[in-house]
Amino acid sequence: MTESIKTITDRGEFEELFNRYFAHRDVYIKTKSGDLHVQFVGYSDGNVAFRIPRVKNAPDTIVVLTHTGDNNVYASLKTLERNEDTFIFLPLKIQIISGKRREERTSLETDSGKKVIFASKIISESMIQGFLDINEKKVGMVKDKILDQLKGGFEHIRVVFINETRIDVRLKHFLSSWTPIFIRDLKASPSESEKKNFNFYVNEIYSKDYKLSSKKEFISEASVPFVLKNMIPYGYIQVNNTKPMNDNHLTVIKRLAMMINDYFFKVNLFEYSKEKFIVTDMSSKGLGIVFKERRLLKYFMKNSQVILDMELPDGHRVGMGVMVRNTVFNDGGFIKVGMEIINIDALSEVIYDEFLESMK
């Protein structure tokens, strides 16, 4: 079903729309930290009131949203005044976005204790950055060993980790795609099968790496990411030469990247979180978890990647990589995080699919 968007700015329609879509429903305010649960109080004299607990000040304009059926409804509001925990707003516009959800979530019944599912053994991007910072000396020694091992075989060598920069063009590429960068010879025309990657490298990597592109003598490159548990990239090795490279050069860098991954696990550089989180709903595409301690939000930054194990009631564990998509602050201080599954190994996928089927 194609999404359709209807925008209403006629103030004569606002009262009926607020009462239809926002009364007696779950309503949220969009904030930088996530979605904050609020309560629709009423509409009067062209203004609308919402109860917003634990908030002293509201910005000049806000957006409140709710979901009903196949509709996502957004209201843009201008802040007028506050009376204790109730805020008065002037409605500016209402948008109704219609479109079916791609899949239905299975809600888990936790009261009986029979279907309680936990997410555990969590490692997030922010945790990885913290571990790399804390173990700076150990990571520095690894860098030195890589440089020593590759020296002589390659003329330009770089090792970059995720805690050092977020604006590096190669790191951005590896965070969205784990595909190694391999350019045999910049001066030679690429084969038909290599043309797409070659053009991407020239336009998106080489042209934006001013230090490298200014040194015209380098004509080949092999760059390979470090990928934690085959799920989260956290750095890369880059080598360049003034002569063409072949497949053997790429193989050397791939093997070295794997060795570094294994070494970091051997010395326990990356540690799992000790906390367990209750899974509230799940589907083939994603899951939701809930917790109360705000300090745990650091694990779940929006659009960041997270590794976790899902502990099923039958004793099976399902390992997966997920992307944090939304955070909702509910009444009672509970925080719900929605995540999209982006990576799951074949065996875990079979176990997970069978469990979902058994829940129907």
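The values are calculated or read from the model by the stated rules, or taken from the named source; none is laboratory data. The shown structure was predicted, so the numbers you read here are calculated from the model rather than taken from an experiment. All Cβ positions, glycine included, derive from the backbone under ideal geometry; neighbour counts span all protein chains shown.
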Of the candidates K360, K254, the one satisfying the condition of being in contact with a strand residue (DSSP E or B) (Cβ under 9 Å, 6 or more places away or on another chain) and assigned to a helix (DSSP H, G or I) is K254
For Y352, all conditions in the list (1) surrounded by fewer than 20 Cβ atoms within 10 Å (Cβ to Cβ); (2) modelled with pLDDT of 90 or more hold save one; what is the number of the exception?
(1)
Total residues in the stretch 118-163, condition free of Cβ contacts under 8 Å to residues at least 40 places away in the same chain, among the basic types (K, R) and under 27 Å from D209 (Cβ atoms):
3
Please work out which one of (1) surrounded by 15 or more Cβ atoms within 10 Å (Cβ to Cβ); (2) at pLDDT 85 or above; (3) touching a Lys or Arg at 6+ places or on another chain (Cβ under 8 Å) is the condition G46 fails and give its number.
(1)
Those residues of the stretch 257-297 which are in a helix (DSSP H, G or I) and of a type in the set (F, W, Y) amount to Y263, F264, F265
Subset of the stretch 1-45 (residues that are hydroxyl-bearing (S, T, Y) and either closer than 22 Å to I335 by Cβ or in contact with a Leu (Cβ under 8 Å, 6 or more places away or on another chain) (or both))
T9, Y28, T31, S33
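To keep it simple, each residue is scored yes or no on (1) under 19 Å from N326 (Cβ atoms); (2) not in a strand (DSSP E or B).
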site: A23; (1), (2): no, yes
site: I29; (1), (2): yes, no
site: L36; (1), (2): yes, no
site: G42; (1), (2): no, no
site: P59; (1), (2): no, yes
site: V63; (1), (2): yes, no
site: K78; (1), (2): no, no
Positions within the stretch 78-94 being without any contact (Cβ under 8 Å) to a residue 40 or more places away in the chain and either basic (K, R) or on the phi > 0 side of the Ramachandran plot (or both), in sequence order:
K78, R82, E84
Need the failing condition index for D168 against (1) over 17 Å from E125 (Cα atoms); (2) free of Cβ contacts under 8 Å to residues at least 12 places away in the same chain, just the number.
(1)
Being over 23 Å from K138 (Cβ atoms) and not acidic (D, E) is true for just one of N261, N230, N240. Which residue is that?
N240
Scan the stretch 233-249 and report the pairs whose first residue is assigned by TED's automatic domain parsing to the domain that holds L171 and over 22 Å from R166 (Cα atoms) and whose second residue is modelled with pLDDT of 95 or more and among the polar types (S, T, N, Q), with Cβ atoms within less than 7 Å and a gap of 6+ or a chain change.
N241/S220; K243/S220; P244/S220; M245/S220
